[in-house]
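Since every read-out is calculated from the coordinates, none of them should be taken as a lab result. These numbers were taken from a predicted model, which means no experiment stands behind them. Reconstructed Cβ throughout: ideal geometry from the backbone, glycine too, with neighbour counts over all protein chains shown.
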Amino acid sequence: MSKEFTGDGLRRVRDLVDQAAHVAGVSATNAHNLVIAVSELAANAVRHGGGSGRIVIEQTDDGVSIEVSDDGPGLPEHLSQELPAADAVSGRGLWMVRALCRDLHISSTARGVTVRLFMPRAGAAS
């Protein structure tokens, strides 16, 4: 399933991810983590990627795969994977996503950012 979204559609994005995680048999804790991570990515797409984004949700044999993308200018080259300082104004979003979902891939170009996440169903190898 593929869906375009704007800031007004972020709640719907969270609902779709939650439903997909439960259908895929993802544990309650991992489903919660996935919803938080995708919500952050979708909000970043709206804020930094031109006001809208796309989400693609795919059920797999062993879990759920989600892709969030935008058409913004891409991520800065100097983006750290470390936790930002306590007084930093931004930068915690992707750090949090990395902490919540170990299986992710980020692709950034001048034509946008695409982040792919995978969450295994309960009992599946991650």
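Remarks
- Ascending count of other beta-carbon atoms within 10 Å, so fewest first, for Met1, Met96: Met1, Met96
- Placing +1 on the Cβ of every Lys and Arg and -1 on the Cβ of every Asp and Glu, with no other charges, gives the chain a dipole of roughly 120 debye about its Cα centre.
- Estimated [θ] at 222 nm from DSSP helical runs (n ≥ 4, -39500 (n - 2.57)) normalised by residues in the chain, nearest 500: -11500 deg cm²/dmol
- Treating r as the C-beta distance of Asp71 and Met1 and R0 as 25 Å, the FRET efficiency rounds to 0.80.
- For the chain, the Cα gyration tensor yields ellipsoid semi-axes of 23, 17, 13 Å (square root of five times each eigenvalue, largest first, whole Å).
- Among Asp18, Asp103, Asp87, residue whose mean-square fluctuation peaks in a GNM of the chain (springs only between Cα atoms under 10 Å): Asp87
- 15 Å cut-off, amide nitrogen to a point 7 angstrom out along Thr60 Cα→Cβ, residues in segment 93-115: 101-106, 115
- Gaussian network model of the chain, Cα within-10 Å springs - most flexible of Ala86, Ala21, Ala110: Ala86
- For the options His22, His32, His105, a Gaussian network treatment of the chain with springs between C-alpha atoms closer than 10 Å singles out His105 as fluctuating the most.
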